[in-house]
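Before any comments, here is the structure.
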Amino acid sequence: MEGTPVTVASVTEVGPDTVALELETPDGFDALPGQFVLLRASPDEEVLSRHYTLSSPDVGATFELTVGIDPDGDLSPWLADLEAGETVHIEGPFGRITYDGAGDVVAVAGGPGIGPSVAVAEAA
């Protein structure tokens with residue numbers, strides 16, 4: 001499977017049909033709030049990939065992705081059922097709209113923009 005293997009540190013329910021997927025940070029992974037990764041996994045032996053935005057303000061020992069669970073989805077229900085120690089693969093980080101720590105911010109978001117807004121607001 002393509003990408004860098006990363007270990008799941010935890011999966012935590014953070015809202016209705018939403019989990020925080022905490023992943024161990026691989027060597028050399030340097031991401032800023034607002035960036036995203038391509039996550040690859042193979043539930044049912046089929047490799048699937050989706051983009052997820054970092055929802056943690058930094059990528060020290062671990063970083064977080066917030067995943068909305070589509071009950072009919074191919075990947076998100078599987079991700080919600082992961083346990084610590086399991087592995088997924090990532091590529092990235094990607095994205096040029098980031099927060100570099102300079103200045104005050106006001107974060108207003110909805111839908112899939114909530115994840116990166118949380119990361120930017122916490123970093124500020």
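Going through region 10-43 one residue at a time, which ones are closer than 16 Å to His89 by Cβ and over 12 Å from the mean Cα position of the chain (by Cα)? Hits for region 10-43 are Pro26, Asp27, Gly28, Phe29, Ala41, Ser42, Pro43.
Scanning region 91-104 for residues being in contact with a strand residue (DSSP E or B) (Cβ under 8 Å, 6 or more places away or on another chain) and either assigned to a loop (DSSP other than H, G, I, E, B) or within 16 Å of Asp58 (Cβ to Cβ) (or both) gives a total of 3.
Entry remark, region 1-22: residues being within 16 Å of Gly68 (Cα to Cα) and among the aliphatic types (A, V, I, L, M) number 5 in total.
A short reminder: the numbers here are calculations on the coordinates, not readings from a lab. Bear in mind that the values here come from a model prediction, so they are computed numbers and not experimental data. Please note: Cβ atoms are built from the backbone with ideal geometry, for glycine as well, and neighbour counts cover all protein chains shown.
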